[in-house]
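Report on one structure; see the data block that follows.
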Amino acid sequence: MNPEFVALLSRFLKYATPDQITDDAALHDLGLDSMQSIELLFAIEDDFGVSLPDEALTESTFATAGSLWAAVRTARGDAP
């Protein structure tokens, strides 16, 4: 994950400090609820200039910071 993505996530994770946002950090446990997930999606699309496809908008995509970052990287075309 890059620092900009961590900074973006920290705005939506009321129970997390930036050092707690790791690849395996469970977003729900750190305070992300369903309404914030939608707001986070719009912020990701705006900040990173991507559009996440409908098939990426799943519970598993928003499960951890790493899974969400993987979806962003795929949308950007730079996934491994």
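The values are calculated or read from the model by the stated rules, or taken from the named source; none is laboratory data. Keep in mind that this is a model prediction, so the values were computed, not measured. Methodologically, a virtual Cβ is constructed for each residue, glycine included, from the backbone with ideal geometry; neighbour enumeration extends over all protein chains shown. The area values use the complete protein model at the heavy-atom level, side chains included, leaving out ligands, DNA and RNA. Shrake-Rupley method; radii C 1.70, N 1.55, O 1.52, S 1.80 Å.
Structure notes:
- For the residues Glu55, Glu4, the requirement of being part of a helix (DSSP H, G or I), out of contact with any Ser or Thr (no Cβ under 7 Å at 6 or more places or on another chain), exposed (fewer than 14 other Cβ atoms within 10 Å of the Cβ) and in contact (Cβ under 8 Å) with a residue 24 or more places away in the chain singles out Glu4.
- Residue in the range 34-48 that is open to solvent by less than 80 Å² (accessible area, probe 1.4 Å) and outside any helix (DSSP H, G or I) present: no
- Residue selected from the range 10-32 under the condition touching a residue at least 40 places away in the same chain (Cβ under 8 Å) and more than 17 Å from Ser60 (Cβ to Cβ), by the criterion surrounded by the fewest Cβ atoms within 10 Å (Cβ to Cβ): Thr22
- Beta carbons closer than 6 Å, at least 6 apart along the sequence or on distinct chains, pair a first residue in the range 39-50 that is within 12 Å of Arg76 (Cα to Cα) with a second that is open to solvent by 70 Å² or more (accessible area, probe 1.4 Å) and part of a loop (DSSP other than H, G, I, E, B) for Glu45/Ser51.
- When the residues of the range 58-76 are filtered to those that are open to solvent by less than 70 Å² (accessible area, probe 1.4 Å) and either assigned to a loop (DSSP other than H, G, I, E, B) or among the polar types (S, T, N, Q) (or both), the one that is modelled with the lowest pLDDT is Thr58.
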